[in-house]
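> A single structure is presented below for examination.
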Amino acid sequence: MTHPKTIVGKDPHRGINIEIAYDTTILSVREIGPDQGVPVIAPGFIDGQVNGYGGLDVNSADVSPQTIINLSAELAKLGVTTWVPTIVTASEEAITVALEQIKRACDIDPTTRAAIPCVHIEGPFISDQDGPRGVHDAAFVRPLDADEIRRWLRASGMVGIVTVSPHTPDAPAQIARIRELGVEVAIGHTHASPEQITAAITAGAGLATHLGNGIATTLPRHPNALWTQLADDRLAAGLIADGHHLPSDTLKVMIRAKTPERAYLVSDSTALAGSAPGRHRTSVGGLVDLAPGGRLSHVGTDLLAGAAATLPDGFRNVIRNVGLELPEALKMVTSTPARVIPGTRPGLGHLRVGSPADFVLITGEGPGAGTITEVIQSGRKVSGGPE
């Protein structure tokens, strides 16, 4: 008989020290005596938008199951124990191939299967206009089509989120059909009017993809689509907190408007995350420049081409530069994404009996506040020293 493992840390929400017994799930949680040297313990982080990391690319033409398995393992070492592979605008064939490879990875490797609740298709049903389209390939942008999404589901069954621009008259009807398929609809890369945004939300759209990005660089003071999305409590919003996609004051205001109950952090990381500065070619954005400060942009333009930072980078940024308290920042990378992302496991994002044994230990105070020092995934230590 195998004895349960235990881990000790400070619960940041209750301010008490706890001991957790676990195998692959949490078996018990009990309060223990005070110890000022105990690090903060939290659920593993959840990233709802990952294109790649460390040279591994979800959108590469040669993506394979091993690509996805390796990417999942590398993200776990950082503290991201649950993640959503994100496929960008491409041909139907290319999207289908990527979906099939992700499903094969999940079928092969149980740890990868546990880490991936669903797949996010960001496009191809987005704005065809320069600016809102971002660096998505205009050649593959096409009208919103629930029937194509049905075909994706037949290919893998893992599609959980589709980002769309609801700027066409038939968008509400199409969104309602997509929701009937069991797929969440996110608004993003859009030039839709405020009225069209509201109609899309009423039809069933429940998420905003990287709110504040994927929109025209110049907007009317008011009304505009940003205010509409911020104001509507039916909509949860993903926010890129890398320090480049949204200035700190903008990010702070968006979080205040949405609250950490309806705002969650995403990385939007590409395969260049973790790479050295320089000029690179990627499947997301083509030829791009990675600046020394981490800004990733399409060559010759100011258009951002995804992110070169990770979710833990964004988490530290909102603590150190945006002014969020640790418990609020943690909600935005654990319990909130666990609630709004389709397909997540029961108890994910919480430290309670029955929850997955995915944990991070975090430095709670001082110059290193927000730094992850140890990671456990599915009951197994993946970084931070010996088992």
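The values are calculated or read from the model by the stated rules, or taken from the named source; none is laboratory data. This structure is a prediction, so every number in the text was calculated from the model and none was measured. Positions of Cβ are generated from backbone atoms using ideal geometry, with glycine treated the same way; all protein chains shown enter the neighbour counts.
> Take the residues of segment 222-272 that are touching a Ser or Thr at 6+ places or on another chain (Cβ under 8 Å) and assigned to a helix (DSSP H, G or I): which is surrounded by the fewest Cβ atoms within 10 Å (Cβ to Cβ)?
Taking the candidates together, the pick is Thr228.
> Tell me the residue from Ile102, Ile68, Ile26 that is surrounded by 16 or more Cβ atoms within 10 Å (Cβ to Cβ) and either part of a strand (DSSP E or B) or at pLDDT below 95 (or both), please.
Ile26
> Here is a further query. Scan segment 107-123 and tell me whether some residue there is charged (D, E, K, R), free of Cβ contacts under 8 Å to residues at least 24 places away in the same chain and either part of a loop (DSSP other than H, G, I, E, B) or buried (at least 24 other Cβ atoms within 10 Å of the Cβ) (or both).
No - not one qualifying residue is present in segment 107-123.
> Which condition breaks for His3 when tested against (1) within 21 Å of the chain's Cα centre (by Cα); (2) assigned to a loop (DSSP other than H, G, I, E, B); (3) surrounded by fewer than 24 Cβ atoms within 10 Å (Cβ to Cβ)?
Single failed check for His3: (1).
> Shifting gears a bit: Exactly one of (1) surrounded by fewer than 15 Cβ atoms within 10 Å (Cβ to Cβ); (2) more than 29 Å from Gly160 (Cβ to Cβ) is unmet by Pro346. Its number?
So Pro346 meets the others, but not (2).
> Still on this model: Which pairs turn up if I take residues in segment 35-53 that are at positive phi and surrounded by 21 or more Cβ atoms within 10 Å (Cβ to Cβ) and look for partners that are of a type in the set (Phe, Trp, Tyr) and in a strand (DSSP E or B) with beta carbon separation below 9 Å, at least 6 apart in sequence or on another chain?
Listed pairs, sorted by first residue: none to list.
> Right, next: Among the residues in segment 88-95, are any part of a helix (DSSP H, G or I) and either under 19 Å from Thr270 (Cβ atoms) or modelled with pLDDT under 95 (or both)?
Yes - at least one qualifying residue is present in segment 88-95.
> Given the options Gly364, Gly349, Gly368, name the one that is part of a loop (DSSP other than H, G, I, E, B) and closer than 16 Å to Ile116 by Cβ.
Among Gly364, Gly349, Gly368, only Gly349 is part of a loop (DSSP other than H, G, I, E, B) and closer than 16 Å to Ile116 by Cβ.
> Working only within segment 188-199, note down all residues that are touching a Pro at 6+ places or on another chain (Cβ under 6 Å) and within 17 Å of Ile161 (Cβ to Cβ).
Residues satisfying the conditions are His189, Thr190.
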